[in-house]
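What follows is a set of notes on a single structure, which appears directly below.
The values are calculated or read from the model by the stated rules, or taken from the named source; none is laboratory data. Bear in mind that the values here come from a model prediction, so they are computed numbers and not experimental data. Quick reminder, even Gly has a Cβ in these numbers, built from the backbone with ideal geometry, and neighbours come from all protein chains shown.
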Amino acid sequence: MRLQHHPEIHAAHPGLAVGTVQASGIIPEMPVDLEKFVERATRRLADGPESEFPEIQAWRRAFARMGLKPTQYRCASESLLRRLRKEGSLPRIHPVIDLCNAVSVAYAVPVAVLDVAKISGSLEVRHARGDEKYVTFAGTVEQPNPGEVIFADEDGQAHARRWTNRQSGHSAVSATTSEVLIVSEGLHATAAEDVRLLIEAIAGELAAAGIVTRP
C-alpha cells in the first residue's frame, strides 16, 4: 500500500511530518497494552488542557488557514484528548484502534487506521475535486467539498474528510479486518521526531502482540 501527499499539501504545510506502518494478521482478540500511553497523556493533561499543547495548536492553525473553525472541526488527537480529560477514559472499539488511540493521546498527534482491503490502489492526501465519494458510519454517501483535504484512493473513494478528522465508514476497521495501514501526521516544530517515535511505539506494540509490521 503506497501513501503519498500531493505537492500542494507539502507546499501549504512545509513542516508536515508523516509516518506510516502497515500491519498484517490483525485479529479482534489481539492483546494490547494501553495503560502506559493513557497514563502519559493523563499526566500531561494535569498540567493544562489539550488546547495549550503545541501539537494541537499547530493543527488548529492549519485548520483555520483552511477556513475551518478549529473548535468545530478538531484533529483526531485533540478530540481524543478532550474526551480523556472530560471522561477519564477512551472508548474501546477494536484492539488495533484502541492501541492507536492510546498512542495518539500519548503523543498528542493524530493517527488514522484504514482497512487495506477497502482501499483501491494507492492512497493520496490531496485537495478534493468535489466528485469523490465518502461513506459515513451510518452508510450514507457524501461528496467532500472542493478544496478540503481528503485521503483519496484511485477509484475516487474518500477515506477521510477534512484531513484525518473524519474517517470513512467504508475503510473503518471491523471484526473482519486483517490488514491495516496506520498513518500519523504532525505539524508542530518537533513533529518529525515525535511522529517517528509514535510510529515506532505502535509498531513495537503490534510486534509484541505477534502482528507482522512493515513501513
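For the range 159-215, give me the residue count where each residue is among the hydrophobic types (A, V, I, L, M, F, W, C), assigned to a helix (DSSP H, G or I) and on the phi < 0 side of the Ramachandran plot. Give the steps one after another, and end with the answer.
If we filter the range 159-215 for residues that are among the hydrophobic types (A, V, I, L, M, F, W, C), which is where we start, we get 160, 163, 172-173, 175, 180-183, 187, 189, 191-192, 195, 197-199, 201-203, 206-209, 211-212.
Among the residues that remain, those that are also assigned to a helix (DSSP H, G or I) are: 163, 191-192, 195, 197-199, 201-203, 206-208.
So of that shortlist, the ones also on the phi < 0 side of the Ramachandran plot come out as 191-192, 195, 197-199, 201-203, 206-208.
Of the residues in the range 159-215, 12 are among the hydrophobic types (A, V, I, L, M, F, W, C), assigned to a helix (DSSP H, G or I) and on the phi < 0 side of the Ramachandran plot.
Looking at this structure, is L181 closer than 15 Å to V113 by Cα, touching a helix residue (DSSP H, G or I) at 6+ places or on another chain (Cβ under 7 Å) and of a type in the set (A, V, I, L, M)? Full working, then the answer.
Working: closer than 15 Å to V113 by Cα: yes; touching a helix residue (DSSP H, G or I) at 6+ places or on another chain (Cβ under 7 Å): yes; of a type in the set (A, V, I, L, M): yes.
Here the answer is yes, as L181 does meet what is asked.
Residues of the range 141-164 being surrounded by fewer than 20 Cβ atoms within 10 Å (Cβ to Cβ) and touching a helix residue (DSSP H, G or I) at 6+ places or on another chain (Cβ under 7 Å), which ones?
Scanning the range 141-164 gives no hits.
Could you say whether any residue in the range 201-210 is touching a helix residue (DSSP H, G or I) at 6+ places or on another chain (Cβ under 6 Å), surrounded by fewer than 23 Cβ atoms within 10 Å (Cβ to Cβ) and in contact (Cβ under 8 Å) with a residue 24 or more places away in the chain?
Yes - at least one qualifying residue is present in the range 201-210.
Go through the range 141-173 and give me each residue that's at pLDDT below 95 and among the β-branched types (V, I, T).
T164, the sole residue that qualifies.
Using beta carbons and a limit of 8 Å, which pairs, at least six apart or on different chains, have the first residue in the range 144-164 and under 12 Å from K118 (Cβ atoms) and the second one of a type in the set (V, I, T) and assigned to a loop (DSSP other than H, G, I, E, B)?
Listed by first residue and then by second, the contacts come to D153/I119; Q157/I119; H159/I119.
In the range 44-140, which helices (runs of 4 or more DSSP H) lie fully inside it and hold 1 or more residues that are at pLDDT below 95?
Working: elements: 54-65, 76-87, 95-107.
In the range 44-140, 54-65 are the helices (runs of 4 or more DSSP H) which contain 1 or more residues that are at pLDDT below 95.
Looking at this structure, is K36 basic (K, R) and in a loop (DSSP other than H, G, I, E, B)? Break it down stepwise before answering.
Values: basic (K, R): yes; in a loop (DSSP other than H, G, I, E, B): no.
No, not satisfied.
Quick check on the range 77-89. Is at least one of its residues surrounded by 17 or more Cβ atoms within 10 Å (Cβ to Cβ), in contact (Cβ under 8 Å) with a residue 60 or more places away in the chain and among the hydrophobic types (A, V, I, L, M, F, W, C)?
Checked against the condition, which is being surrounded by 17 or more Cβ atoms within 10 Å (Cβ to Cβ), in contact (Cβ under 8 Å) with a residue 60 or more places away in the chain and among the hydrophobic types (A, V, I, L, M, F, W, C), the range 77-89 yields no hits at all.
Within the range 82-110, work out how many residues are in contact with a Leu (Cβ under 7 Å, 6 or more places away or on another chain) and closer than 20 Å to L197 by Cα. Break it down into steps so the answer makes sense when it comes.
Filtering the range 82-110 for residues in contact with a Leu (Cβ under 7 Å, 6 or more places away or on another chain) gives 83-85, 90, 98-99, 101-105, 107-109.
Those still in the list that are closer than 20 Å to L197 by Cα too: 98-99, 101-105, 107-109.
Residues in the range 82-110 being in contact with a Leu (Cβ under 7 Å, 6 or more places away or on another chain) and closer than 20 Å to L197 by Cα: 10 in total.
With the structure loaded, tell me whether E29 is modelled with pLDDT under 95 and either touching a Pro at 6+ places or on another chain (Cβ under 8 Å) or part of a helix (DSSP H, G or I) (or both) or whether it fails that test. Let's see the steps before the verdict.
Working: modelled with pLDDT under 95: yes; either touching a Pro at 6+ places or on another chain (Cβ under 8 Å) or part of a helix (DSSP H, G or I) (or both): yes.
Against the criterion (modelled with pLDDT under 95 and either touching a Pro at 6+ places or on another chain (Cβ under 8 Å) or part of a helix (DSSP H, G or I) (or both)), E29 qualifies.
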